[in-house]
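The values are calculated or read from the model by the stated rules, or taken from the named source; none is laboratory data. The shown structure was predicted, so the numbers you read here are calculated from the model rather than taken from an experiment. Glycine also receives a Cβ, built like all others from the backbone with ideal geometry; neighbour counts cover every protein chain displayed. Calculation scope for accessible area: heavy atoms of the full protein, side chains included, ligands and nucleic acids excluded. Shrake-Rupley method; radii C 1.70, N 1.55, O 1.52, S 1.80 Å.
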Amino acid sequence: MPSTLNGSCLCGAIGYTVRADVTELRACHCTNCQKISGAGGTVNALVAAKDFEIVRGTPKRYTKTADSGRVLHRYFCGACGSGIYSQRDTTPERVVVRAGAFDNPPPMKLTAHIWTKSARNWDVIDPAAQQTPGQPD
Ligand SMILES: [Zn+2]
Ligand SMILES: [Zn+2]
C-alpha cells in the first residue's frame with residue numbers, strides 16, 4: 001500500500017492528497033521559485049498526476065516560461081497565496097507538489113538540488129543529494 005499524504009494551504013481553503021510514496025524530493029533554486037517563495041526556492045515532491053488530487057477548493061493558476069524555457073503552470077491558493085503544485089505544459093502526466101505544505105509527511109530525504117547555479121549564497125545545499133546546475137532531463 002502506498003502512503004496517503006495530505007496537504008493544505010495556510011488558510012485551509014485548498015486541500016489535496018497524494019496517493020503514492022514520494023521517491024523524488026527536489027529542491028529547486030531557480031530564480032522563479034525564489035520569487036514565488038520569497039526564499040531560496042521551493043522543495044517539491046515529484047508525483048504522477050494520477051496520484052494527485054485536489055480534495056478541497058480550487059487553486060488559482062499562474063503561467064510563466066521557466067528558466068528552462070518550458071511553460072510552467074503554478075497553482076496556488078488565491079486567498080492566502082500558498083503554493084500548491086506546478087505542472088508543465090508538455091508533461092501533464094507529472095506534477096510537482098510543494099513539500100512544505102504536507103500535513104502528515106513521513107520522514108523524507110532530499111534526493112536532488114536543481115538550478116544550483118542560481119542558488120542564493122545563503123541557501124543550504126545538502127552535499128548528500130544529487131546536484132544539477134540547471135534543469136535535469
Ligand atoms: Zn489558502
Ligand atoms: Zn524552480
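Tell me the relative contact order for the chain as a rounded percent, counting alpha carbon contacts under 8 Å between residues six or more apart. Don't jump to the answer; show the numbers that get you there.
On the way: 302 pairs, mean separation 36.9, N = 137.
It rounds to 27 percent for the chain.
Given the options VAL96, VAL43, VAL55, state which has the largest fluctuation in a GNM of the chain using a 10 Å cut-off (strictly under) for Cα springs. Of VAL96, VAL43, VAL55, the most mobile in the Gaussian network model is VAL55. List residues of the stretch 44-72, by number, whose backbone nitrogen lies under 11 Å from a label position 7 Å along Cα→C-beta of ASP89. Answer for this model: 63-66, 69-72. Between VAL124 and ASN104, the contour length at 0.36 nm per residue exceeds the alpha carbon distance by 4.8 nm.
Each residue of the stretch 74-79 was assigned a 3J(HN,Hα) from its phi angle through the Karplus expression (A = 6.51, B = -1.76, C = 1.60, θ = phi - 60°), giving 10, 9, 8, 7, x, 8 Hz with x at Gly and Pro. Here, the chain yields an orientationally averaged convex hull projection of 8.1 nm² when only Cα atoms define the hull. For the stretch 49-62, 3J(HN,Hα) computed residue by residue from phi via the Karplus equation (6.51, -1.76, 1.60; θ = phi - 60°) reads 4, 5, 9, 10, 9, 7, 9, 8, x, 10, x, 7, 10, 10 Hz, glycine and proline entered as x.
Which value, in Å², gives the accessible area per residue of the stretch 54-119 when a 1.4 Å probe is used on the protein heavy atoms?
Working: 3660 Å² over 66 residues.
Accessible area per residue: 56 Å².
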